[in-house]
Amino acid sequence: MAVRLFAFTCGHVTGKASGFLEGESGTLTVPVPVFLIEHDQGRVLFDTGVNPGVRREKHELLGADAENWSIDLPEGAEIVPQLARLGLKPSDIRYVVNSHLHYDHCGCNNCFPDAVTVVHAREWRAAQRPNTQAAGIYNPLNYDRITRRREIDGELDIFDDGTVVVFPTPGHTPGHQSLRLETDSGTVVLAADCCYLKRTLDDLHLPGTMYNREQMLATLMDLRRMQGEGARIVYGHDPDFWRSVPQAPSPVR
């Protein structure tokens, strides 16, 4: 069977353009995507966006990284009220898959206590280190109430039928992972931050900051291979590409 995919824009963030494309000047405003996957055996969220507490407690939630980001999160733009507009409650979500644990990807994790959170083991370990937390790279306030956590180290076929497959894409962070889906229109890869922009993949134009440059290049080459085999790549934070992505309640086709 094929799955249905829905895309949500959960605010926007503005940061240095060089953080997305090495050597670029100025700033870049990008969307914060969250995705809902519907399968006969349950619903999956891929990432959860920004913690709405940033409206009042930005420095507490972003720490040392707070000065590097401007965050636009209008009331109701976070994922829980957006799901409510589709008639869904947090308890309707069976799995939350985190690409990684940066603030704009796991900020609403604690809103889904009944879901199994799927995170890469290397990412979870990195997020527990005092030095990465002090630097504002990770903040446990975004995920400290997760009670049902599944750490993986490699691929995970969530429903054992090949339609929703988590696979490792390291480089941006130690345990970054992406999601491969089989939809009615073919294979779709939700890349997240292993590939910020279309230019990242087309030109191998890397961001100015990453965990491991060699790993990121290898990941991008793997994405190129999948693209050559017919997969559609959904880039992590590409404002131009994102304008072409249908938004919920319309499915991504």
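Every number in this text was worked out from the coordinates using simple rules, so none of it is lab data. As the structure is a prediction and not an experimental result, all values here were calculated from the model. Positions of Cβ are backbone-derived with ideal geometry, glycine not excepted, and every protein chain shown enters the neighbour counts.
Under a point-charge model restricted to the Cβ atoms of Lys and Arg (+1) and Asp and Glu (-1), what is the dipole moment magnitude of the range 1-146 relative to its Cα centre, in debye to the nearest 20? Result for the range 1-146 is approximately 280 debye, rounded to the nearest 20.
Based solely on its DSSP helices, what 222 nm [θ] is calculated for the chain when runs of n ≥ 4 H residues each add -39,500 (n - 2.57) and the sum is averaged over all residues, nearest 500 deg cm²/dmol?
-5500 deg cm²/dmol
Across the range 94-111, coupling constants 3J(HN,Hα) worked out from phi with the 6.51/-1.76/1.60 Karplus curve, θ = phi - 60°, read 8, 9, 10, 9, 9, 4, 6, 10, 6, 4, 8, 10, 10, x, 10, 3, 5, 7 Hz, and Gly and Pro carry x.
Maximal additional length on extending the ALA2-GLU22 stretch stands at 3.4 nm, based on 0.36 nm per residue less the C-alpha distance. Going by neighbour counts of Cβ atoms within 10 Å, the residues MET226, MET221, MET210 line up, fewest first, as MET221, MET226, MET210.
Structure remark: mean-square fluctuation, Gaussian network model of the chain, C-alpha springs under 10 Å; the largest value among PRO168, PRO74, PRO52 belongs to PRO74.
Relative contact order, whole percent, for the chain stands at 21, derived from Cα pairs under 8 Å and 6 or more residues apart.
With neighbour counts taken as other beta-carbon atoms within 10 Å, the residues VAL30, VAL119 rank, fewest first, as VAL30, VAL119. Under 18 Å from a point placed 7 Å out from the Cα of ARG232 along the Cα-to-Cβ direction: which residues of the range 152-170 have their backbone N that close? Label zone hits: 163-165. Within the chain, the longest segment free of exposed loop sites, counting GluC sites (Glu not before Pro) that fall outside DSSP classes H, G, I, E and B and have at most 10 other Cβ atoms within 10 Å, spans 76-228. Amide H contacts under 5 Å for GLY11: VAL32, restricted to partners 5 or more places along the chain or on a different chain, H placed in the peptide plane at 1.01 Å from N. By the count of other C-beta atoms within 10 Å, a proxy for reagent exposure, HIS59, HIS100 are ordered fewest to most as HIS59, HIS100. Straight Cα distances below 24 angstrom link LYS58 to the lysines LYS16, with same-chain residues fewer than 8 positions distant left out.
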